[in-house]
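Below: the structure, in structure tokens.
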Amino acid sequence: MKRMMIALGAMSALLNVPASAQDGVDAWVELEARAVQSDRTIIDGDDIESSGAGVSVDAAFQWTNGRTEVQFDLGAEVFDFSEETRNTRESGSASVTVSQEISDNLSVAVSAGHWEDIVTLEARQTDQDAIRGEVKYEDKVHRVRLRAQYREREYESVTPSTGNGMRYDAQYNYRFASWHWARVELRAEDINSDHPRRGYERYMVRAGYSLPLDSGKNWRLRPQLEYRDWTYDERRVLDDPAGELRRDSYIQPEIGLAYGKSNGLKARLRAAYQFRSSNDPRYTEDAPYFDLRVGYRF
């Protein structure tokens, strides 16, 4: 990670171009409170599978010089699970991103970051280092974003282990008007681990829509549909060493309501139902969940 940070610093110096009227420094802080209600009793790792409440703070510092932008982000979160067997999670993150506009519509970016004590599919307590590249095309109507990220993970458990792998994302956004858009996202990712139960391959397809409900466009309806499919490298059906590899999937319709814009008071309520299937009958439980977030960005 140290070498990644040095490389990003050198890139930001090399990408120095003549200043424009919008050059300068910007900074902001966002505070958020979150409450989750989930009826799932089978937990793999995702936070949404456990009820609880938490608070988070995110701070960012952005420097712009011509077509070059450098942004530093810091984040911290505390989440208290309702389940008595799970300890309160305290996580943090730090990242830096360097972006360069190639033209009025095309830009590239590279970022590096560290995440401490996050929840991942394969483990409840994970430290992660990652570096990511991005290419983005955007005009008044269309936005296409392609990303590739390399991740290294350390798992804190009775038997410490590590993992690494790639994640690829593609997103297309169609803009009808301000805060009125339709979006499709695709993702493919994998983790290879020295602990046989932690490796997996996962794929995701998500479609979302944002529809303003008032003239000021402060309130938006946010329906979404998501499908995920994943296979573990060494988790077997019913834990039978001779059984087939476990494969899970779910389809998740969701309705959401969002309030607020970029700054000031913001809130979002999500209500979803997860229809889950698996070749291991222990992991086929369907369940609803609710997620409420209220925040303020200064």
**OP:** Using the Karplus curve 6.51 cos²θ - 1.76 cosθ + 1.60 with θ = phi - 60°, work out ³J(HN,Hα) for each residue of region 226-235 in order, rounded to whole Hz, and write x for Gly and Pro.
**Re:** 9, 10, 10, 9, 8, 10, 8, 5, 9, 8
**OP:** Using a 10 angstrom cutoff on alpha carbons, build the Gaussian network for the chain and name the most mobile of Asp23, Asp129, Asp80.
**Re:** Asp23
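Set the Förster distance to 35 Å, then compute FRET efficiency between Phe72 and Asn279 from the Cβ-Cβ distance, nearest 0.05.
Working: r = 45 Å, r/R0 = 1.27.
Computed FRET efficiency for Phe72 and Asn279: 0.20.
Summing +1 for each Lys or Arg and -1 for each Asp or Glu, what net charge is found among the other residues whose Cβ lies under 11 Å from the Cβ of Asp58?
On the way: positive: Arg297; negative: Glu30, Glu32, Asp73, Glu77.
Summing Lys and Arg as +1 and Asp and Glu as -1 gives -3.
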Original post:
Top to bottom by accessible area (1.4 Å), largest first, where do Tyr289, Tyr174, Tyr283 land?
Top reply: Tyr174, Tyr283, Tyr289
Original post:
Taking θ as phi - 60°, what are the ³J(HN,Hα) couplings along region 247-252 by the Karplus curve (6.51, -1.76, 1.60), each to the nearest whole Hz, with x for Gly and Pro?
Top reply: 9, 10, 7, 8, 10, 9
**OP:** May I ask for the Kirkwood hydrodynamic radius of region 128-254, worked out over all distinct Cα pairs and given in angstroms to one decimal?
**Re:** 17.2 Å
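Measure up Lys136/Lys217; Lys140/Lys266; Lys217/Lys266 against 23 Å on the Cα-Cα distance and list the ones that go over.
On the way: Lys136/Lys217 26 Å; Lys140/Lys266 25 Å; Lys217/Lys266 13 Å.
Cα-Cα > 23 Å for Lys136/Lys217; Lys140/Lys266; rest within.
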Original post:
Along region 257-273, what does the Karplus equation 6.51 cos²θ - 1.76 cosθ + 1.60 (θ = phi - 60°) give for ³J(HN,Hα), rounded to whole Hz, x for Gly and Pro?
Top reply: 9, 10, 10, x, 10, 5, 10, x, 6, 9, 8, 8, 10, 10, 10, 9, 10
**OP:** Any chance you could look up the accessible area of Val158 with a 1.4 Å probe, heavy atoms only, rounded to 10 Å²?
**Re:** 150 Å²
Original post:
Along its principal axes, what span do the Cα atoms of the chain show, with the longest given first and each in whole Å?
Top reply: 64, 49, 32
Original post:
Amide H neighbours of Ser51 under 5 Å, counting only residues 5+ apart in sequence or on other chains, H built in-plane at 1.01 Å?
Top reply: Ser38, Ser82, Glu83
Subject >> Rounded to 10°, Cα long-axis angle of helix 2-14 versus longest principal axis of the chain >> reply: 20 degrees
Subject >> Spin-label pair Leu238/Val57, simplified geometry with 7 Å Cα→Cβ offset, distance in nm >> reply: 5.2 nm
**OP:** With a 1.4 Å probe and every protein chain left in place, tell me how much accessible area Leu146 has, in Å² to the nearest 10.
**Re:** 90 Å²
Original post:
Using alpha-carbon pairs under 8 Å, 6+ residues apart, how would you state the relative contact order of the chain in percent?
Top reply: 13 percent
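The values are calculated or read from the model by the stated rules, or taken from the named source; none is laboratory data. What you are looking at is a predicted structure, and each value in this text was computed from that prediction instead of being measured. Note: ideal-geometry Cβ built from the backbone for every residue, glycine included; neighbour counts use all protein chains shown. Areas reflect the complete protein model, heavy atoms only, side chains present, ligands, DNA and RNA absent. Shrake-Rupley method; radii C 1.70, N 1.55, O 1.52, S 1.80 Å.
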